[in-house]
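*Asks:* The following block contains the structure, expressed as structure tokens.
None of the figures in this text is laboratory data; all of them are computed from the coordinates on show. From a predicted model like this one, the values you see are computed outputs, not experimental measurements. Reconstructed Cβ throughout: ideal geometry from the backbone, glycine too, with neighbour counts over all protein chains shown.
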Amino acid sequence: MFDPIEKLKEHLRHASVSTDSAFKEGMNGSRDFLESLFGEMGLKVEIVDTDLHPIVLAKRQGNPSWPHVIIYGHYDVQPADPVELWESDPFEPVVRDGRIYARGAADNKGPQMAHIAAVAQALEENPDLPLRITFLIEGEEEIGSPSLLPFLEARKEELSEADLVLLSDTLSPSADQLVVTVGLRGIVALEVAFEGPKSDLHSGLHGGAVYNPLQALFEVCASLHDSENRVTVPGFYDAVAQVEDWERDELAALGANEEDYKEFLGIDALHPHPDYNAFEAIRYLPTLEFNGMGGGYQGEGSKTIIPSKAMAKITCRLVGNQDPFKVGALVKEAILARVPAGIKATVEMGHEGSPYLVVPPGRPNTPEDQPVRLAKAFEATGRAITEVFEKPPLFLREGGSIPIIADMKKVLGLDSVMVGLFLPEDNLHAPNESLNLAVLEKGIQVSKKVILALAEG
Ligand code: BES
Ligand code: MN
């Protein structure tokens with residue numbers, strides 16, 4: 001049996017940044033690493049080409065009467081920028097104080113390794129384990145999984161006969177309190193461009209006569225929220241799912257405290273929708289966020305111009321039954337309706353993904369036809385976490401997005417059991433990303449118990 005931490009280090013050395021074509025070598029390296037690791041485990045590995053980054057599919061086949069679990073993960077990572085803020089090389093993992101530091105340590109190479117190591121151990125101890133396993137590790141999660149939907153559609157017949165999906169790519173609040181994630185937000189990305197005069201203008205010669213595109217963009221963008229942080233796009237809150245009492249109870253049991261949260265973030269006030277507290281707003285409400293805005297002179301000193309152009313990047317997080325295409329169209333329409341005369345505007349829709357909700361067994365709103373193997377998987381996961389972490393998990397929705405999870409439900413009819421193995425202090429998508437190695441070790445034990453329970457049928 002390999003050492004999971006050494007294997008993880010090896011994986012983290014491959015700079016698999018999916019968004020930047022300069023990292024092709026890292027993407028290839030990461031894929032080759034997985035291919036040989038799964039090969040060593042005796043799995044049948046297939047590298048499925050896509051328009052962009054291939055998918056790694058590794059299978060343990062067996063008797064069709066055996067249960068079948070798909071284990072999902074992603075081998076791509078976010079860019080390491082700004083690299084100068086890292087205390088050590090983002091692609092040369094180091095262990096300090098019980099944590100492993102590197103880009104991708106938490107999102108998603110570490111948590112993914114928990115399941116790989118668990119399967120390797122389980123199969124080594126019982127080569128006849130009556131369980132079919134398909135690892136589906138994609139390379140485009142951080143850019144919205146453009147190739148996954150066509151892949152699922154093409155392989156629908158073979159994948160849809162699985163019973164459920166198991167993964168760890170979500171958050172737990174602390175190393176003592178694990179969460180089984182039962183909801184993810186959807187997403188839709190938009191890019192807005194405003195164009196005024198045909199070139200940058202001298203602000204002395206023309207200032208006062210024309211609408212400044214940056215000013216127009218700020219005004220329109222500022223109008224998209226009211227002073228209490230409600231989104232003002234007509235219809236924006238349609239199809240927001242209702243929140244069940246048991247969900248509110250679980251969130252209350254989390255005991256999250258707004259003072260601690262503010263301190264953690266380094267801010268002196270939170271700004272949620274007036275009808276929700278901050279922790280509810282993250283999970284139960286859609287948002288409209290400005291991810292970047294630009295235009296005009298950004299260099300040192302000042303420059304007296306009226307810029308010709310301005311742009312903004314927006315993403316909306318979605319919940320419940322919201323349709324990303326519909327919400328994207330509503331936002332686009334609202335922006336275009338507010339553009340002043342003298343400005344030409346375009347709004348392009350980018351990547352999107354649907355929100356996802358699953359109800360664990362035994363809740364008032366659990367579907368009556370919930371598949372038995374899914375119910376058992378939730379129960380086994382709850383038990384395994386209780387034994388290993390010595391505390392039962394909370395079943396909570398999460399604010400992040402993994403668009404493929406809703407796609408697997410839509411296309412394959414499969415629900416997901418999501419075990420949160422990264423923590424708020426792990427710095428996902430930020431400098432000095434790390435993973436708590438004690439959580440990784442325990443995560444392996446949890447995953448192994450779940451796998452053994454699934455094999456029981
Ligand atoms: N692992 C995250 C999703 C996540 C983050 C779930 C925090 C729960 C809590 C995933 O890799 C990710 O970052 N997804 C992107 C998706 C987007 C690019 C379509 C996200 O949520 O921004
Ligand atoms: Mn992730």
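*Asks:* State the answer as a single residue: which of Val331, Phe389, Ser354 lies farthest towards the positive end of the charge dipole of the range 302-408, with beta carbon charges of +1 for Lys and Arg and -1 for Asp and Glu, about the Cα centre.
*Replies:* Of the options given, the answer is Val331.
*Asks:* Continuing with this model, one more query. With an 8 Å cut-off on Cα pairs and a minimum separation of 6 or more residues, tell me the relative contact order of the range 329-393 in percent. Provide the component values of the computation, followed by the final result.
*Replies:* Working: 23 pairs, mean separation 10.1, N = 65.
Result for the range 329-393 is 16 percent.
*Asks:* Now for a separate question. Using only the alpha carbon atoms of the range 90-181, find the Kirkwood hydrodynamic radius as the inverse mean reciprocal pair distance, in angstroms to one decimal.
*Replies:* 16.0
*Asks:* Let me ask something else about it. Looking only at the range 63-78, which residues have a backbone nitrogen under 17 Å from a spot 7 Å from the Cα of Asn126 in the C-beta direction?
*Replies:* From the range 63-78, the list is 63-69.
*Asks:* Calculate log10 I(q)/I(0) of the range 280-395 for q = 0.10, 0.18, 0.21, 0.23 Å⁻¹, where I(q) comes from the Debye formula with a single equal point scatterer on each Cα and nothing for solvent.
*Replies:* With one equal scatterer per Cα and no solvent, log10 I(q)/I(0) is -0.57, -1.06, -1.21, -1.28.
*Asks:* Here is a further query. Go through 17-25, 160-168 and give me the packing order, highest mean Cβ count within 10 Å leading.
*Replies:* 160-168, 17-25
*Asks:* Using the beta-carbon distance between Leu254 and Leu205 and R0 = 51 Å, what value does 1/(1 + (r/R0)^6) give for FRET efficiency, to the nearest 0.05?
*Replies:* So the FRET efficiency works out to roughly 0.30.
*Asks:* May I pose another question? Over 19 Å apart: what share of the alpha carbon pairs of the range 8-87 falls there, rounded to a whole percent?
*Replies:* That fraction is 45 percent.
*Asks:* Right, next: For the chain, what is Rg from Cα atoms divided by 2.2 N^0.38 Å, rounded to two decimals?
*Replies:* Rg over 2.2 N^0.38 Å, computed on Cα atoms: 1.04.
*Asks:* What do you get for GluC sites (Glu not before Pro) in the range 365-457 restricted to DSSP loop and a cutoff of at most 12 other Cβ within 10 Å of the site's Cβ?
*Replies:* Glu368, Glu390, Glu456
*Asks:* Under unit Cβ charges (Lys, Arg +1; Asp, Glu -1), what dipole magnitude, rounded to 20 debye, does the range 307-377 have relative to its Cα centre?
*Replies:* Dipole size: approximately 300 debye.
*Asks:* Got the relative contact order for the chain handy, in percent, Cα pairs under 8 Å and 6 or more residues apart?
*Replies:* Averaging sequence separation for qualifying contacts and normalising by length gives 26 percent for the chain.
*Asks:* Next question. Please identify which residues in the range 153-173 have an amide N closer than 18 Å to a label point set 7 Å out from the Cα of Glu263, following the Cα→Cβ vector.
*Replies:* Counting backbone N atoms under 18 Å from the label point, the list is 173.
*Asks:* Restrict the search to the range 187-232; then list the GluC sites (Glu not before Pro) that DSSP places in a loop and that have at most 13 other Cβ atoms within 10 Å of their Cβ.
*Replies:* Details: sites: Glu191, Glu195, Glu219, Glu228; in loops: Glu228.
For GluC sites (Glu not before Pro) across the range 187-232 that sit outside H, G, I, E and B with at most 13 neighbouring Cβ atoms in 10 Å, the list reads Glu228.
*Asks:* Tell me the Rg and the Dmax, in Å, that the Cα atoms of the range 171-277 produce.
*Replies:* Considering the range 171-277 through its Cα atoms, Rg and Dmax are 21.2, 64 Å.
*Asks:* Based solely on its DSSP helices, what 222 nm [θ] is calculated for the chain when runs of n ≥ 4 H residues each add -39,500 (n - 2.57) and the sum is averaged over all residues, nearest 500 deg cm²/dmol? Kindly include the intermediate steps, with their values, before the conclusion.
*Replies:* Working: 14 runs with 148 residues, N = 457.
-9500 deg cm²/dmol, from helical runs alone.
*Asks:* Next up: Over 10 Å intervals from 0, what percent of Cα-Cα pairs in the range 303-457 sits in each interval?
*Replies:* 8, 25, 28, 19, 11, 6, 2, 0
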